[in-house]
Structure formats: structure tokens, C-alpha cells
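Notes follow the structure.
The values are calculated or read from the model by the stated rules, or taken from the named source; none is laboratory data. Computed from a predicted structure; not experimentally measured. In this analysis, Cβ positions are derived from the backbone assuming ideal geometry, glycine residues included, and neighbour counts consider all displayed protein chains.
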Amino acid sequence: MGENFNEMKVIPFSSTEISLDRPANYYLVETNVVKLLIDAGPKENPFREAFRADYVILTHFHWDHIRGIVNLSKKGIPICASKKTIELTNPDVFIDRMKYIGRAVGFSLDEDVMKIFKIYLTFYERIGEALKRVNIYDLRECPGLKEVKATVYECPGHSDDHACFLIGEHFFIGDNVVPEGSVALRNVQSYMKTAFMILSDPSWKLAHPGHGKYELSRSELGEALHDEISGKIRRISNLSLFVGKDWIDLKTLLLELYKGLDKFTIYIATRSLVGYIEVLERMKLIEVDRNPSPWKVRALVS
């Protein structure tokens, strides 16, 4: 398969659903052998051209990249995704993640925040229903990706299930870079490995991110990744200013590190903070007491 793949056109789309979220990008890749939709966007009904796809290819489970499958599935368009991505779309998993973050920083979900999360929960419930309507292929077995001889990369960091796709000279990198923005990270170490993997692959010419500009050259992406990693290192350095030999709770750390954010965005920022804490713990630089809520941390005294 794929021996006749010699033409390719990338058609970008961008849309948003809730004012709190940045517009998300998704891409129709048209070739002479197959049409692939890379992600499905944040609206249940994507742009009309998206329905021309033979397969929907998912980079990761976040609703703003996959919600379009609700209506795409009604047309019977099969989905290619990792097993982990499908597992993470489960509404129960979403609730568990929400509670985990709340416990870590000692936040109760007040009425305003709960309204937003209930909307998100409804999104995942609808997505779960859509997944039952269609054939689902593992990324490594996806007929559409095989047709175009795509290379599938595991590229975690922003999320544990994140995947990237190299098709011809085009690299679809999802949420590994947000031009003129910042990437929320689940795992800093994994993200740095992903950044190195992307930049060290010499075969691509254009990268297509999940937010912001549709196309980035190698130099533009290199600069964006440099800025992103530098920003995370600065954040960890700032964090170290508040972590000493005495215990300090994560809620205090959070409010010191992310001053001036509204309460919902502060709640979302805890994903990155928890990621930083877990990295420093693995490096044996801090110890974490998870029994209370919020968690407490201190420098590891040898």
C-alpha cells in the first residue's frame, strides 16, 4: 500500500466553542490515494470539507481536538487513535482527573467552575457515544496512515497519549507548540524528549500545530520550542524559590507562581504545577506528602 502516494494538499481549519478556549486547528490531508482528517476540532459539526475524509486521525484526547467526531461518526468515517487516547475519553476518567487536580491544590469546585466542567463532561459523554458508532483502528494499524506511508511518533508531554504524524514533508505536531501562547504540560521530561525528537528528524519541512499559525518552518518551530522549554525552566526556577526545608502546600505555591489569573484558569494551571512537582520528585529534589489536601512539598534533605 502507498506506492502510488505522490500528491498531497493540506487544508487547514480553525474554530472554537467556548470563549475560555483558544481556537483549535485541524487539517484535511488530501492525497491521490486517501483523505485524512488530522483531529476533528472543538465543534460537534466541523467544517463541511472535513466530511470528505476517509479516516479521522487523533493526536490526543482533549475535547477541543476530537469533539467533531460526534457528527463525523454519523457518516461512518472510521477513527484512528491510540488505545490510550480512547481510554482517556471516558467521562469517568475525566471526573477522576478533575478530582485529582482538586485534591492536589485543595480547591473545591465552586459553582462557576463546576458549570464549565459540567459542560466539558457533557462533551466527553457525547464523544463516548460517537465512538460506539464507528470502526476504531489503532494508529499503528490505521489503513489510511499506511496508505500515505506515515510515520507515527509517540510524543507525550502535553498529555500522556499525545501522538504526532509525519506525512511526506509535513509534521502534524498537535499541542506540542502553541505559537504566541504556552503549552500546559503533564510531564516536563517527556516534553523535552518530544521536542528533541521533532527537531532531530531531518525529513520534514513544515510543522502544523494544534493552535495558532497553521504552518511553522523548521526555524520557527525551533524558536517556539526553545521559548517553551525556557519558560518551563524559568517556572521551575521560580518554584524553587518557594520550596525550602519546611513544608509548603501546593495551593500557596500555585497562587505565588500564577498570580493574577482568574479562578478557572488557575485551576487549569494546576496540571502544569503537578507535572513540575512530579518531575522534581522523580529527580529526588523534593519530597511530596499527598495525604493532606492540598499536598505539601519540601526540599529533600540528604
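Filter segment 19-41 for residues that are part of a loop (DSSP other than H, G, I, E, B) and at pLDDT 95 or above and give the result. Lay out the reasoning, then the answer.
Let us first name the residues in segment 19-41 that are part of a loop (DSSP other than H, G, I, E, B), namely 19-23, 32-34, 39-41.
Scanning segment 19-41 gives VAL34, ASP39, ALA40, GLY41.
Examine segment 199-208 for a residue that is among the hydroxyl-bearing types (Ser, Thr, Tyr), out of contact with any Phe, Trp or Tyr (no Cβ under 8 Å at 6 or more places or on another chain) and crowded, with 20+ Cβ neighbours inside 10 Å, and state whether such a residue exists.
no
Table: residues versus (1) at pLDDT 95 or above; (2) among the polar types (S, T, N, Q); (3) within 19 Å of PRO156 (Cα to Cα).
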site: TYR214; (1), (2), (3): yes, no, no
site: GLU228; (1), (2), (3): no, no, yes
site: LEU261; (1), (2), (3): no, no, no
site: ILE266; (1), (2), (3): no, no, no
site: TYR276; (1), (2), (3): no, no, yes
site: ARG282; (1), (2), (3): no, no, yes
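Return the residues of segment 230-259 that are at pLDDT 85 or above, among the charged types (D, E, K, R) and surrounded by fewer than 16 Cβ atoms within 10 Å (Cβ to Cβ); say none if nothing qualifies. If the condition is that a residue be at pLDDT 85 or above, among the charged types (D, E, K, R) and surrounded by fewer than 16 Cβ atoms within 10 Å (Cβ to Cβ), then ARG234, LYS245, ASP246, GLU256 are the ones that fit. Per this entry, ASP227 is not counted among residues that are farther than 14 Å from ILE277 by Cα and outside any helix (DSSP H, G or I). When GLY168 is tested against the conditions (1) surrounded by fewer than 23 Cβ atoms within 10 Å (Cβ to Cβ); (2) of a type in the set (Gly, Ala, Ser); (3) under 22 Å from ASP64 (Cβ atoms), the lone failure is (3).
Pairs linking a residue in segment 167-195 that is at positive phi to a residue that is among the hydroxyl-bearing types (Ser, Thr, Tyr) and not in a strand (DSSP E or B), with Cβ atoms under 7 Å and 6 or more positions apart or on different chains, are GLY174/THR59.
Which count do you get for residues in segment 132-154 that are hydrophobic (A, V, I, L, M, F, W, C) and either under 19 Å from the mean Cα position of the chain (by Cα) or farther than 14 Å from PRO78 by Cα (or both)? Final tally of qualifying residues: 4. For the structure I just gave you, tell me whether LEU199 is modelled with pLDDT of 90 or more and in a helix (DSSP H, G or I). Yes: the conditions hold for LEU199.
Go over the candidates SER219, SER203 one by one and state the one that is farther than 15 Å from GLY174 by Cα, of a type in the set (Gly, Ala, Ser), outside the structural domain of ILE286 (by TED's automatic domain parsing) and touching a residue at least 12 places away in the same chain (Cβ under 8 Å). Explain how you work it out, then say what you get.
On the way: SER219 fails: touching a residue at least 12 places away in the same chain (Cβ under 8 Å).
The unique qualifying residue is SER203.
The set of residues from segment 73-103 being within 16 Å of the chain's Cα centre (by Cα), buried (at least 16 other Cβ atoms within 10 Å of the Cβ), part of a helix (DSSP H, G or I) and modelled with pLDDT of 95 or more comprises LYS84, THR85, ILE86, LEU88.
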